[in-house]
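Asks: My questions all concern the structure below.
The values are calculated or read from the model by the stated rules, or taken from the named source; none is laboratory data. Note that the structure is a prediction, hence the values are computed from the model and not measured. For neighbour counting, all protein chains shown are included, and Cβ atoms are generated from backbone atoms with ideal geometry for every residue, glycine included.
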Amino acid sequence: MYSVKEPDHGTPARQGEATVTVTIDGHAVTVPPGTSVMRAASLAGVQVPKLCATDTLEAFGSCRLCLVEIEGRRGYPASCTTTVAPGMKVRTQTPKLAQLRRGVMELYISDHPLDCLTCTANGNCELQEQAGVVGLREVRYQGGATHTDAAKDTSNPYFVFDPAKCIVCSRCVRACEDLQGTFALTVLGRGFDSVISPGKTAFLSSECVSCGACVQACPTATLTEKSLVAHGQPDHVVKTTCAYCGVGCSFRAELKGDQVVRMVPDKDGGANHGHSCVKGRFAWGYATHADRITTPMIRRSIHDPWQVVTWDEAIAHAAAEIRRIQATYGRDAVGGITSSRCTNEETYLVQKLVRAAFGTNNVDTCARVCHSPTGYGLKQTLGESAGTQDFDSVDDADCVVVIGANPTDAHPVFASHLKQRLRQGAKLIVIDPRVIDLVRGPHVEAAYHLQLRPGTNVAVINALAHVIVTEGLAKEDFVRARCEGPAYETWKAFISDPRHAPEAMEAHTGVPAAAIRGAARLYASVPNGAIYYGLGVTEHSQGSTMVMGIANLAMVTGNLGRRGVGVNPLRGQNNVQGSCDMGSFPHELPGYRHVSDPAVRALFDAAWGVTVQPEPGLRIPNMFDAAVDGSFKALYVQGEDVAQSDPDTQHVARALESLECLIVQDLFLNETAKYAHVFLPGASFLEKDGTFTNAERRINRVRKVMEPKAGKADWEATCALAAALGYPMHYDHPSQIMDEIARLTPTFTGVSYAKLDRLGSLQWPCNDAAPDGTPTMHVDRFVRGQGRFMLTEYVPTDERTTRKFPLLLTTGRILTQYNVGAQTRRTDNVAWHAEDRLEIHPADAELRGIADGATVELESRVGKTVLRAHVTERIQPGVVYTTFHHPGSGANVVTTDNSDWATNCPEYKVTAVQVRPATQPSEWQARFHAQAAEQLGLLPRGREEA
Amino acid sequence: MDARKLVKMANDIARFFEAEPDRAAAVAGVAGHLQRFWEPRMRKALLAHVEATGGADLRPLTLDAVQALRG
Ligand code: SF4
Ligand code: SF4
Ligand code: SF4
Ligand code: FES
């Protein structure tokens, strides 16, 4: 447990060695150069009164409350904006200072409502506290003009803006600019007339993205969480980790009993340094939503009503079914899917259950459909299936290349960090079919936007490499020292061929050759070039080839092995890195070790007391094919919704219908559960202990703040199922599971809960060679020894446009919704995104007689769906775009079963389609709604609303 | 398993390794990939397809790799 009140040193810490010694009220303190007098005082244990300063923001010096006296200097300088000098002697308390401060405070209070007793911030208001600190006893200015009857803005679903309480300290404005980078807030007017405004409109209709940084920065009750208004001040704090995206932000869950009052990003968080986005800070209400199913249920057929049973009955039934099916159809007729939203410990246990208790390697994870090509491509080239840097590394980048990623929506806290660096002058290259927000935003503009045609990534990356090699920009000495010579020579000859030249590729990619040449020169010529990429790289038929192409580019320019450079996959889900690390892939045991390796198997055989199978198991799409084919009959799915998230929905539905036993463990009756025979209620991230591993390999603790609503944390349910199968696993606490992982996985040997509690987080590899973890990988040598250049021929996808399907559909996500939306759709985030829309260029829309907001039919070779159009120039002509957050919009009814050659990661990003006006839902949608109604009707009475 | 799909998947693998100038390395690359990443029933179905059709619709490199696997 942590104290509710966090220390605030007033101004941010300065890097560097503490070399400057000053004396504050007689106390000596030594701090790094550039530190403010205010911070030095605070570190010496002396709190200088302050209002406009806080240690998450650079000082501004507007309130004049923090005045001090400095020996040998005239006047009363503001301690927040004055930096320390050697030998400085500072006094913070003198009669004169007290008088000045009381004067300042009197002015503030004369224009402030005096309703402290009923104010939300009562007991936690900096204005109230400082009034006490400076000893304010009377307010002489009464009856003058005030702002105390200014109207409240309650439009944002999560916070109120009550300008009557505003002291115009501009902390909110600076938070929005400096931390978030959105520039939504301004100070309108001057002097007494100044007011804070989100662009002269209501918060909800403004540029505000609801990150909450301003709310956190506000010293008064002007900007306040509605949850705080509802529940009152918290009484204790538990540190935990956001369960949404792969940034892995650390949070302080502020609680009253087991009621979450608010989530506040943790200043000590290694990934987020006190910042967050709307999802993590505000969208946690789903955890207590009425739709949660909290009792186990079983049924014989998927058209039978659900029967509520005890945990024991449900587990016994599930185990009996697994064994019956294995006896009838063979050991390998069953399998499991681990969850990238669950903890490392839970994921590890599910793959252990499948390999040891089911006795098969048929285990996979949703990373199959997102970053499996990252695992494959980086292992082949660099030797480790993970990103090379920590997020802070971006502070040293001079040129950042963002490929097939939309960080401001999908990885918002990293995007804010990146934008800080761009505002400092780093150059940006965006490679994306859409004009994503980073291309042009407040104080950020891409030097190059290579707006390629979907499906031509490899052509572009090859063209970039071609320019670098043929124009003599390669860092030959790095390559000679660090990479395999013969492979490099072969690659160099390959990539130098004129067929890879930007001019030759222009017809495929649609990107002007001059732009490619310019971008290549920029990336190759800066001291530090860093590449960040997302699913726009991996979810293609050449996803793995593209990842290797990216690694080639980084190697040939020497951009690996130090801060500011690297190859950084932006992972989608909170624990997708972890679920891969934990051996969720059918061909790999924990730590990315192939099942065919006898030495590795021997280790696990001994630890688990079983014989691990030597052959790879089925991957998710193979499981579906085998199910349709009749050789795969039972599946245990923990915390994933394959029926919504996986491509070619109708094929997935056929596969799920073919199963004799589908066990779904989830918070809600998700789309997959509609095909299930056993439902095991899941536990939210607030209800269990464990760890998540983010995109920078950072292992963060998840801590339980309330008891599991259904009585069992997910790991306990898996243990129960294993025991019922005759394979008891003995753990009293997830820390013991982590101990087992550490014993069996060389990159985790040094990881323990005790060390995580001590250091806050750890980046693997963490072992004897790196006891405190590894922020930057491949420093002196690559994990595989020498880096290996791979030949990356551009192979156009089979998914081509034709007269019948003349447009290319690509898919993605938006800020306020998360993945299949099961969580975010059950929060007030729907205020921003109530439905999935189809983005279409005005020219394509006009040709088809489609107006903005019109209902349109989207048809591909495999299916049809109907949704509303959004006509926009963000998208290029010939390309359309949609999200997949709402099941009824059926984006994946349209996507095909084409997939990455190496990993079967689906080609979500390219589908040939036609779009036409429509008047009614598609046949699939009619069936979908009928099935949804049927399945809700089969829930126990009283639950039909779910 | 749907032979049509397996043929496409195997050919996709071959199209990556076709860039490799050393033919033996390319064959080993495809065969190794099938061995390391395909579940046995998928390999068996592909082999059965080759038996039954002599390798219909397989790219030459795919066919050589399948023969090597059988070897
Ligand atoms: S809203 Fe809060 S943070 Fe912003 S200026 Fe007013 S008091 Fe300061
Ligand atoms: S919530 Fe975030 S984006 Fe919105 S005004 Fe506040 S700081 Fe800016
Ligand atoms: S950036 Fe990601 S991890 Fe951070 S708060 Fe938002 S969703 Fe959570
Ligand atoms: S705290 Fe220093 S001027 Fe406001």
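Asks: Can you tell me how many residues within the range A:396-442 are part of a strand (DSSP E or B) and under 19 Å from residue A:209 (Cα atoms)?
Replies: Just the residues of the range A:396-442 that are part of a strand (DSSP E or B), to begin with: A:399-403, A:427-431, A:434, A:440-441.
Retained after the next criterion (residues that are under 19 Å from residue A:209 (Cα atoms)): A:440-441.
Of the residues in the range A:396-442, 2 are part of a strand (DSSP E or B) and under 19 Å from residue A:209 (Cα atoms).
Quick grid of which residues meet (1) crowded, with 23+ Cβ neighbours inside 10 Å; (2) within 30 Å of residue A:521 (Cα to Cα); (3) away from chain B (no Cβ under 14 Å); (4) of a type in the set (A, V, I, L, M, F, W, C):
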position: A:535; (1), (2), (3), (4): yes, yes, yes, yes
position: A:552; (1), (2), (3), (4): yes, yes, no, no
position: A:567; (1), (2), (3), (4): yes, yes, yes, yes
position: A:589; (1), (2), (3), (4): yes, no, no, yes
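Asks: Is one or more of the residues making up the range A:190-200 closer than 14 Å to residue A:159 by Cα and in contact with a strand residue (DSSP E or B) (Cβ under 9 Å, 6 or more places away or on another chain)? Walk me through it before giving the result.
Replies: If we filter the range A:190-200 for residues that are closer than 14 Å to residue A:159 by Cα, which is where we start, we get A:198.
Of the ones still in play, those that are also in contact with a strand residue (DSSP E or B) (Cβ under 9 Å, 6 or more places away or on another chain) are A:198.
Yes, the range A:190-200 contains at least one residue that is closer than 14 Å to residue A:159 by Cα and in contact with a strand residue (DSSP E or B) (Cβ under 9 Å, 6 or more places away or on another chain).
Asks: Go through the range A:590-646 and count every residue that is more than 30 Å from residue A:887 (Cα to Cα) and not aliphatic (A, V, I, L, M).
Replies: Of the residues in the range A:590-646, the ones more than 30 Å from residue A:887 (Cα to Cα) are A:590-616.
Subsequent filtering for residues that are not aliphatic (A, V, I, L, M) retains A:590-594, A:596-598, A:601, A:604-605, A:608-609, A:611, A:613-616.
Counting residues in the range A:590-646 that are more than 30 Å from residue A:887 (Cα to Cα) and not aliphatic (A, V, I, L, M) gives 18.
Asks: Against the condition within 16 Å of ligand 4 (Cβ to nearest atom) and at pLDDT below 95, how does residue A:201 come out, does it pass?
Replies: Values: within 16 Å of ligand 4 (Cβ to nearest atom): no; at pLDDT below 95: yes.
In short, no.
Asks: Checking residue A:688 against (1) touching a Gly at 6+ places or on another chain (Cβ under 6 Å); (2) over 19 Å from residue A:931 (Cβ atoms), which single condition isn't satisfied?
Replies: Here residue A:688 meets the rest and fails (1).
Asks: How do the pairs read when you match residues in the range A:64-88 that are under 17 Å from residue A:100 (Cα atoms) with residues anywhere that are outside any loop (DSSP other than H, G, I, E, B) and of a type in the set (Asp, Glu), using Cβ under 7 Å and keeping only pairs 6 or more apart or on different chains?
Replies: A:76/A:69
Asks: Output the residue which, of all residues in the range A:219-246 that are within 16 Å of ligand 2 (Cβ to nearest atom) and of a type in the set (Val, Ile, Thr), is farthest from the other protein chains (Cβ to nearest Cβ).
Replies: Checking each candidate, the answer is A:220.
Asks: To continue, here is another question. If you scan the range A:602-635, which residues turn out to be of a type in the set (D, E, K, R) and surrounded by fewer than 19 Cβ atoms within 10 Å (Cβ to Cβ)? Spell out how you get there, then give the answer.
Replies: Residues of the range A:602-635 of a type in the set (D, E, K, R): A:605, A:615, A:619, A:625, A:629, A:633.
Result: A:605, A:615, A:629.
Asks: Still on this structure, please answer the following. Which ones in the range A:275-286 are within 14 Å of ligand 3 (Cβ to nearest atom) and surrounded by fewer than 24 Cβ atoms within 10 Å (Cβ to Cβ)? Give the derivation first.
Replies: Initially, the range A:275-286 is screened for residues within 14 Å of ligand 3 (Cβ to nearest atom), giving A:275-284, A:286.
Within the range A:275-286, A:284, A:286 meet the criteria.
Asks: Another question, if that's okay. Any idea how many residues of the range A:102-159 are touching a residue at least 24 places away in the same chain (Cβ under 8 Å) and among the small types (Gly, Ala, Ser)?
Replies: Count: 9.
Asks: Just checking, does the range A:321-335 include any residue being within 29 Å of residue A:784 (Cα to Cα), in contact with a Leu (Cβ under 7 Å, 6 or more places away or on another chain) and surrounded by 20 or more Cβ atoms within 10 Å (Cβ to Cβ)?
Replies: Keep residues of the range A:321-335 that are within 29 Å of residue A:784 (Cα to Cα), which gives none.
No: zero hits.
Asks: Among the residues of the range A:127-150, how many are over 18 Å from residue A:98 (Cβ atoms) and over 41 Å from the mean Cα position of the chain (by Cα)?
Replies: 6
Asks: Sticking with this structure for a sec: Assess whether residue A:584 counts as being outside any helix (DSSP H, G or I), out of contact with any Lys or Arg (no Cβ under 7 Å at 6 or more places or on another chain), away from chain B (no Cβ under 12 Å) and crowded, with 24+ Cβ neighbours inside 10 Å. Spell out how you get there, then give the answer.
Replies: Working: outside any helix (DSSP H, G or I): yes; out of contact with any Lys or Arg (no Cβ under 7 Å at 6 or more places or on another chain): yes; away from chain B (no Cβ under 12 Å): yes; crowded, with 24+ Cβ neighbours inside 10 Å: yes.
So residue A:584 passes the test.
Asks: Would you mind stating whether residue A:328 is within 23 Å of residue B:40 (Cα to Cα) and modelled with pLDDT of 95 or more? It would help to see each step written out before you state the result.
Replies: Numbers: within 23 Å of residue B:40 (Cα to Cα): yes; modelled with pLDDT of 95 or more: yes.
Yes, satisfied.
Asks: Of the residues A:175, A:213, A:184, which single one is at pLDDT 95 or above, within 28 Å of residue A:64 (Cβ to Cβ), within 29 Å of the chain's Cα centre (by Cα) and within 16 Å of ligand 4 (Cβ to nearest atom)? Before the answer, list the steps.
Replies: Numbers: A:213 fails: within 16 Å of ligand 4 (Cβ to nearest atom); A:184 fails: within 16 Å of ligand 4 (Cβ to nearest atom).
Exactly one residue qualifies, and that residue is A:175.
Asks: Right, another one. Scanning the range A:215-240 for residues that are small (Gly, Ala, Ser) and crowded, with 18+ Cβ neighbours inside 10 Å, which turns out nearest to ligand 1 (Cβ to nearest atom)? Break it down into steps so the answer makes sense when it comes.
Replies: Here is the first cut: in the range A:215-240, the ones small (Gly, Ala, Ser) are A:217, A:221, A:227, A:230, A:232.
Then keep just the ones that are crowded, with 18+ Cβ neighbours inside 10 Å; that gives A:217, A:221, A:227.
Values: A:217: 6, A:221: 9, A:227: 18 Å.
That would be A:217.
Asks: Is it true that residue A:411 is out of contact with any Pro (no Cβ under 7 Å at 6 or more places or on another chain) and in contact (Cβ under 8 Å) with a residue 40 or more places away in the chain?
Replies: Values: out of contact with any Pro (no Cβ under 7 Å at 6 or more places or on another chain): yes; in contact (Cβ under 8 Å) with a residue 40 or more places away in the chain: yes.
The answer is yes for residue A:411.
Asks: Within the range A:596-608, count every residue that is closer than 18 Å to residue A:349 by Cβ and within 13 Å of chain B (Cβ to nearest Cβ). So that I can check it myself, show each step before the final result.
Replies: From the range A:596-608, those closer than 18 Å to residue A:349 by Cβ are A:603-605, A:607-608; that's our starting set.
Checking the rest, the ones that are also within 13 Å of chain B (Cβ to nearest Cβ) come to none.
Adding up the residues that qualify gives 0.
Asks: Residue A:22 versus (1) at pLDDT 95 or above; (2) within 16 Å of ligand 4 (Cβ to nearest atom): which is the lone unmet condition?
Replies: (2)
Asks: Filter the range A:364-381 down to the residues that are more than 24 Å from the chain's Cα centre (by Cα) and crowded, with 24+ Cβ neighbours inside 10 Å and list them by number. First the steps, then the outcome.
Replies: Of all residues in the range A:364-381, those more than 24 Å from the chain's Cα centre (by Cα) come to A:380-381.
Residue satisfying the conditions is A:381 alone.
Asks: Could you say whether any residue in the range A:125-136 is among the charged types (D, E, K, R) and more than 16 Å from ligand 4 (Cβ to nearest atom)?
Replies: Keep residues of the range A:125-136 that are among the charged types (D, E, K, R), which gives A:126, A:129.
From the residues that got through so far, the ones that are more than 16 Å from ligand 4 (Cβ to nearest atom) too are none.
No, there is no match, as no residue in the range A:125-136 is among the charged types (D, E, K, R) and more than 16 Å from ligand 4 (Cβ to nearest atom).
Asks: Going by the structure shown, is residue A:525 in contact with a helix residue (DSSP H, G or I) (Cβ under 8 Å, 6 or more places away or on another chain) and surrounded by fewer than 17 Cβ atoms within 10 Å (Cβ to Cβ)?
Replies: no
Asks: On the basis of being part of a helix (DSSP H, G or I) and either away from chain B (no Cβ under 14 Å) or over 18 Å from residue A:367 (Cα atoms) (or both), does residue A:631 make the cut? Full working, then the answer.
Replies: Numbers: part of a helix (DSSP H, G or I): no; either away from chain B (no Cβ under 14 Å) or over 18 Å from residue A:367 (Cα atoms) (or both): yes.
Taking the combined requirement at face value, the residue does not satisfy it.
Asks: Also: Only residues that are within 23 Å of residue A:265 (Cα to Cα) and not in a helix (DSSP H, G or I): list them for the range A:167-179, please. Quick ask: steps written out before the conclusion?
Replies: Taking the range A:167-179 first, the residues within 23 Å of residue A:265 (Cα to Cα) are A:169-179.
Listed by number, the residues that qualify are A:169, A:170.
Asks: Let me ask another. Of all residues in the range A:207-230 being among the hydrophobic types (A, V, I, L, M, F, W, C) and in a loop (DSSP other than H, G, I, E, B), which is farthest from ligand 3 (Cβ to nearest atom)? Write out each step before concluding.
Replies: Within the range A:207-230, the first condition is being among the hydrophobic types (A, V, I, L, M, F, W, C), and the residues that meet it are A:208-209, A:211, A:213-215, A:217-218, A:221, A:223, A:228-230.
After this cut, where a residue has to be in a loop (DSSP other than H, G, I, E, B) as well, the list is A:208-209, A:211, A:218, A:221.
Working: A:208: 15, A:209: 11, A:211: 8, A:218: 19, A:221: 24 Å.
So, considering only residues that are among the hydrophobic types (A, V, I, L, M, F, W, C) and in a loop (DSSP other than H, G, I, E, B), the one farthest from ligand 3 (Cβ to nearest atom) is A:221.
Asks: Out of curiosity, is residue A:98 away from ligand 1 (no atom under 16 Å from the Cβ), over 26 Å from residue A:176 (Cα atoms) and modelled with pLDDT under 95? Before you say what the answer is, go through the steps one by one.
Replies: Details: away from ligand 1 (no atom under 16 Å from the Cβ): yes; over 26 Å from residue A:176 (Cα atoms): yes; modelled with pLDDT under 95: yes.
Yes: the conditions hold for residue A:98.
Asks: Write out, first by first residue and then by second, each pair whose Cβ atoms fall under 7 Å of each other, whose residues are 6+ apart or on separate chains, and whose first residue, in the range A:191-206, is part of a loop (DSSP other than H, G, I, E, B) and within 11 Å of ligand 1 (Cβ to nearest atom) while the second is among the aliphatic types (A, V, I, L, M) and at pLDDT 95 or above.
Replies: Close Cβ pairs (under 7 Å, with a partner that is among the aliphatic types (A, V, I, L, M) and at pLDDT 95 or above) amount to A:198/A:184; A:198/A:185.
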